[in-house]
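J.: My structure is below; once you've seen it, I'll send some questions.
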Amino acid sequence: MGYLELAIPENIKLVAVSKTKPVEEILKIYQQGQRDFGENKVQELVNKQPNLPQDIYWHFIGHLQTNKVRFIAPFVHLIHSIDSLKLLSEVNRQALKNNRNIDCLLQIYIASEESKFGLDQTEAEELLSSETYQSMSNIRICGVMGMATFTSDKSLIRKEFGNLKSIFNMLRETYFADSVYFNEISMGMSDDYTIAIEEGSTIVRIGSAIFGKRN
Ligand SMILES: *Cc1c(COP(=O)(O)O)cnc(C)c1O
């Protein structure tokens, strides 16, 4: 399936997840008009970025280690995977060094399977209430990101996306009532993006439905 056949509504941002795919294949999708691409490994992103058009918006969607933030800080467009205050502090520090702001999403843990990454609602609230966060000058929290359980149970997936939407609403009312930036819900991948859109997604991250299966 080509990416033009995905029929994503115009008000929803499509991030083409290009992990494991070579620059030639990314360029083909770019030439069809796509500008937002997502990668989940720092080294891979840093290798590809100089060899592709400079007007690409690079989204970082994987687990990010604190000691690797500096490699992507000069150019990254949106980090979807903030899962600790320590990581966010380092993003702020590197953003300052690069004399820019970096937009971030809080990764929220919504799946019913075991995963090491993501904040629960309480942890997200602790982060947002902390003085450390409130004193950060060069990051903007633009919303939340989440991944549903890897399952064929559509009702479970729908419930988890609905849960992410309610956490988003709660955080917005409590911590971002005056903010014009806190608008994004990054949820939905190749197998579940239609459900995610029905449940209020604003950004879908789609890899294999665009580029074909990964090895
Ligand atoms: C790989 C990946 C995707 C895309 O997955 P597909 O099933 O290929 O669409 C989306 N989000 C994250 C965080 C990923 O790691």
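The values are calculated or read from the model by the stated rules, or taken from the named source; none is laboratory data. Everything quoted here is computed from the prediction, not taken from an experiment. Note that we place each Cβ from the backbone using ideal geometry, even for glycine, and neighbour counts take in every protein chain shown. We work out accessible area using only protein heavy atoms, side chains counted, and drop any ligands, DNA or RNA first. Shrake-Rupley method; radii C 1.70, N 1.55, O 1.52, S 1.80 Å.
J.: With an 8 Å cut-off on Cα pairs and a minimum separation of 6 or more residues, tell me the relative contact order of the range 140-207 in percent.
T.: Averaging sequence separation for qualifying contacts and normalising by length gives 35 percent for the range 140-207.
J.: Going by amide H atoms built from the backbone, whose H comes under 5 Å of the H on GLY38, apart from near neighbours?
T.: Close amide H contacts, sequence-distant or interchain: ALA16, VAL17, SER18, HIS59.
J.: Let me ask you something else. Note the full-extension length gain between THR174 and GLU131 as 0.36 nm times their separation in residues minus their Cα-Cα distance, in nm to one decimal.
T.: 13.9 nm
J.: To continue, here is another question. Between PHE150 and GLU44, what is 0.36 nm times their sequence separation minus the Cα-Cα distance? Round to one decimal in nm.
T.: Length gained between PHE150 and GLU44: 35.7 nm.
J.: Oh, and also: Assigning unit charges at the beta carbon (Lys, Arg +1; Asp, Glu -1) and nothing else, what dipole magnitude in debye, to the nearest 20, does the chain show about its Cα centre?
T.: 760
J.: So what's the range 87-215 giving for Cα Rg divided by 2.2 N^0.38 Å, two decimals?
T.: 1.12
J.: Could you order SER112, SER89 so the one with the most accessible surface comes first? Probe is 1.4 Å.
T.: SER112, SER89
J.: Same structure, new question: If ligands, DNA and RNA are left out, what is the accessible area of ASP103 with a 1.4 Å probe, given in Å² to the nearest 10?
T.: Its heavy atoms expose roughly 30 Å² to the probe.
J.: Quick one: which residues, 5 or more positions from ILE139 or on another chain, have an amide H under 5 Å from its amide H? H modelled 1.01 Å from N in the peptide plane, none for Pro or chain starts.
T.: ILE102
J.: Per the 1.4 Å probe, what fraction of the accessible area of the chain, in percent, lies on carbon and sulfur atoms?
T.: 47
J.: For the chain, what is the convex hull volume of its Cα atoms per residue in Å³?
T.: Cα-based convex hull of the chain, divided per residue, equals 125 Å³.
J.: Show me the helices of the chain, taken as full DSSP H stretches, that run 30 Å or more along their long axis by Cα and average -1.0 or above in Kyte-Doolittle hydropathy.
T.: 154-175
J.: Under the Karplus relation 6.51 cos²θ - 1.76 cosθ + 1.60, θ = phi - 60°, what is the ordered set of whole-Hz ³J(HN,Hα) values for the range 45-55, x standing for Gly and Pro?
T.: 5, 5, 6, 7, 3, x, 9, 10, x, 7, 9
J.: What nm distance separates the two modelled labels at LYS86 and ARG35, each placed 7 Å from Cα along Cα→Cβ?
T.: Computed distance between label sites LYS86 and ARG35 equals 3.7 nm.
J.: Find the accessible area per residue for the range 134-180; the probe is 1.4 Å, ligands and nucleic acids are left out, and the unit is Å².
T.: 55
J.: Now a separate question. Taking Cα pairs under 8 Å and at least six residues apart, what relative contact order does the chain come out at, in percent?
T.: It rounds to 21 percent for the chain.
J.: Find how much the distance from THR194 to LYS28 grows on full extension, using 0.36 nm per residue of separation minus their present alpha carbon separation; answer in nm with one decimal.
T.: Between THR194 and LYS28, full extension yields 57.3 nm more.
J.: So with the 1.4 Å probe, I'd like the accessible area per residue for the range 49-116, rounded to whole Å².
T.: That works out to 47 Å² per residue.
J.: At 7 Å along the Cα-to-beta-carbon direction for both LEU96 and ASN215, put a label point, then send me their distance in nm to one decimal.
T.: Placing both labels 7 Å beyond Cα along the Cβ direction yields 4.4 nm.
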